[in-house]
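A quick write-up on the structure given underneath.
The values are calculated or read from the model by the stated rules, or taken from the named source; none is laboratory data. Since the structure is predicted, the reported quantities are computational estimates derived from the model, not experimental observations. Heads up, the Cβs are rebuilt from the backbone with ideal geometry, glycines too, and the neighbour counts pull from every protein chain shown. Accessible surface is based on the protein model in full, side chains and every heavy atom, while ligands, DNA and RNA are left aside. Shrake-Rupley method; radii C 1.70, N 1.55, O 1.52, S 1.80 Å.
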Amino acid sequence: MFTTTNSTIGFIGLGNMGSGMTKNLQLAGFNMVLNDVRREAAESFIENGATWADTPAEVARLSDVVITMLPTPKHVDLVGLGANGILSGMRDGGYWVDMSTSVPEVLEIARANSWERGLHIFDAPVSGMSVGASTGMLQIFAGCNDDEFAMMRDVFHAMGDAQKVLQVGAPGTGYAVKLAINQLWFSHLVATTEVLAVGVKAGVNLEVLRQSLIASPANSNFVENDVLSVLQNGDYDEGFAIALACKDLGLHTELARSLNVPVEMSSLVEQIFRRAKAQYGDLAGEMTPVRLYEDLIRQALRIEVSV
Ligand code: NAD
């Protein structure tokens, strides 16, 4: 097993998610080697003892396990397989675990190009938002075999909630689980917002409507908890950019297409998210589609917070 005394972890992609995950790996006691196109993102970790590497290949040369946490499959491809990429620096038998929300193709190519080197290359994407990354309470969905999962135990537990660190199947299945979660959550967001907008327009008090939904068979975690971020605080969660939400919705639709499964509703939800992205910008928060409906009814969906 990789432990704090016998292993060095390389981490590439120190953004909203990667910075919190790196913080928790460092707090757990792992030696860290870091890379990002924004060197400044690594400064505070270097002050605490982490090592900077100029290229992904250099990260791989200096590490036992390389973790990537990058925006899109294109970035994973570039960082993993490009010139000075991870693959060119990995030691025989080394580990590369991609924790980005992505699709299997890039890692499949990496495995196919290196089978004789005994490399361990698999997906372990996460759920739990930037707050889960920062508090070390992520859900992790590892697409790997039993030995690989056991090797990664301490590393995963430093970043995730031990009860929610799951081995979900063969390589690629972690991505499929993650895309399913995001697709369903975004579908909940659109469906919930539609009925809230209509109900409010019909004259129902927003909180009365929400409580009625909670008490009914139509309840969901979104109605009960997640929507409160907007309703109470006007917070559309800029910790996850809508551009990345659209990326995930697109990847889910592509996965469905490649499997010959028609997904009409998923496609509609994707288009609604793309409309919100076009209207409010790439960096707007993932819950910004709620604003589309607020603009339609010319009223913000807000409830009073009692103190
Ligand atoms: P982000 O854009 O905040 O961070 C990405 C980081 O990658 C940035 O620091 C960027 O500089 C770096 N980067 C980009 N290209 C690079 C390259 N070529 N070499 C090195 N570094 C590079 O994104 P994020 O929100 O942290 O999301 C990362 C991944 O996690 C995405 O796949 C996303 O879908 C997924 N995810 C995000 C959340 C969330 O709430 N933010 C939750 C679960 C999963």
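Taking helices (runs of 4 or more DSSP H) that do not extend beyond segment 213-299, which have at least 2 residues that are farther than 22 Å from Leu196 by Cβ and away from the ligand (no atom under 16 Å from the Cβ)? First the steps, then the outcome.
Numbers: elements: 228-233, 242-258, 264-280, 289-296.
Those helices (runs of 4 or more DSSP H) span 242-258, 264-280.
Check segment 115-134 and report whether any residue there is of a type in the set (Lys, Arg) and not assigned by TED's automatic domain parsing to the domain that holds Ile272.
Checked against the condition, which is being of a type in the set (Lys, Arg) and not assigned by TED's automatic domain parsing to the domain that holds Ile272, segment 115-134 yields at least one hit.
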**Asked** Within segment 76-95, can one find any residue that is touching a residue at least 60 places away in the same chain (Cβ under 8 Å) and in contact with a Leu (Cβ under 7 Å, 6 or more places away or on another chain)?
**Response** yes
**Prompt:** Gly49 versus (1) open to solvent by 10 Å² or more (accessible area, probe 1.4 Å); (2) within 14 Å of the ligand (Cβ to nearest atom): which is the lone unmet condition?
**Reply:** (2)
**Prompt:** Considering only segment 1-46, how many residues are in contact (Cβ under 8 Å) with a residue 60 or more places away in the chain, more than 13 Å from the ligand (Cβ to nearest atom), part of a helix (DSSP H, G or I) and among the polar types (S, T, N, Q)?
**Reply:** 1
**Fill in**
Flagged in segment 271-302 as open to solvent by 20 Å² or more (accessible area, probe 1.4 Å) and within 16 Å of Glu207 (Cα to Cα), in numbering order, are Gln299, Ala300, Arg302
**Request:** Would you point out the residue of segment 161-202, among those that are open to solvent by 60 Å² or more (accessible area, probe 1.4 Å) and of a type in the set (D, E, K, R), that is farthest from the ligand (Cβ to nearest atom)?
**Result:** Lys201
